[in-house]
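For reference, the structure discussed in these notes is given below.
The values are calculated or read from the model by the stated rules, or taken from the named source; none is laboratory data. This one's a predicted model, so the numbers in the text were calculated from it and none came from an experiment. Quick reminder, even Gly has a Cβ in these numbers, built from the backbone with ideal geometry, and neighbours come from all protein chains shown.
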Amino acid sequence: MSKRATKRKGEAHVRLYRHELECAAYRSLSTDARALLVEFRALYTGQENRVFFAVRDMMASLGVAQRRAQAARDELLDRGFIRMLSPGAFTRKVRHAAEYALLSECIGNEHKAEKPYMAWRPPAPNGDASKKTRYAGRLPTGSRGDYLKGSEKGKKARLGSRSEYLNGSKPPHSGSQDDYTDISARHCLNFLEAALACETGSRGRAAFLILLLAAHWPTELEVAA
């Protein structure tokens, strides 16, 4: 065997077996998590199953921000590809990176790797469609479509629909329009006298309001005058 062949045989490399690539756990990983899995296995020396990998190093390896790096790591933890042995800390004199173990390799005195990712299955989908939307089930008085169609659900609304107010078929719950707009001419004149005694800025706003009211009741103001 040539020297070149011997050198290539002992060169460090990363293995991803076909049964791992075809398992449900690996198929469910994002592209960031798949790339991070290769980085984790590249740090494994083949001796002690202890990999020190800080989040900042994950960010540099993947070329992503902190949130994406942490999300990729959490995917690997959730699927069972890695296990955190000790979290990172900055309380020591020397910064300590988080310590992980590859579950594709033996840990400690174990004679067989656990490989929990091979038994991982995606969670069963929830068949209740009402829980998939954020605001589902929060409108007990009916939707806009119920009001327009005149269904029974729309009739149970407490205040009625917009079209009912506009058509006058259902008065407001706290009084009709006449209750709000029945202002006599005497009240308008009294308000004008009080406005004249106010400051200049307030007097201008009050006069504008009186002119607006006079446009609606010109007859009453003439009689009162």
(request) Output the number of the condition that Glu114 fails; it satisfies all remaining conditions of (1) in a helix (DSSP H, G or I); (2) surrounded by 14 or more Cβ atoms within 10 Å (Cβ to Cβ). (result) (1)
(request) Specify the residue that is nearest to Ser28 (Cα to Cα); the eligible residues are those in the stretch 113-147 that are of a type in the set (Lys, Arg) and modelled with pLDDT of 90 or more. (result) Arg121
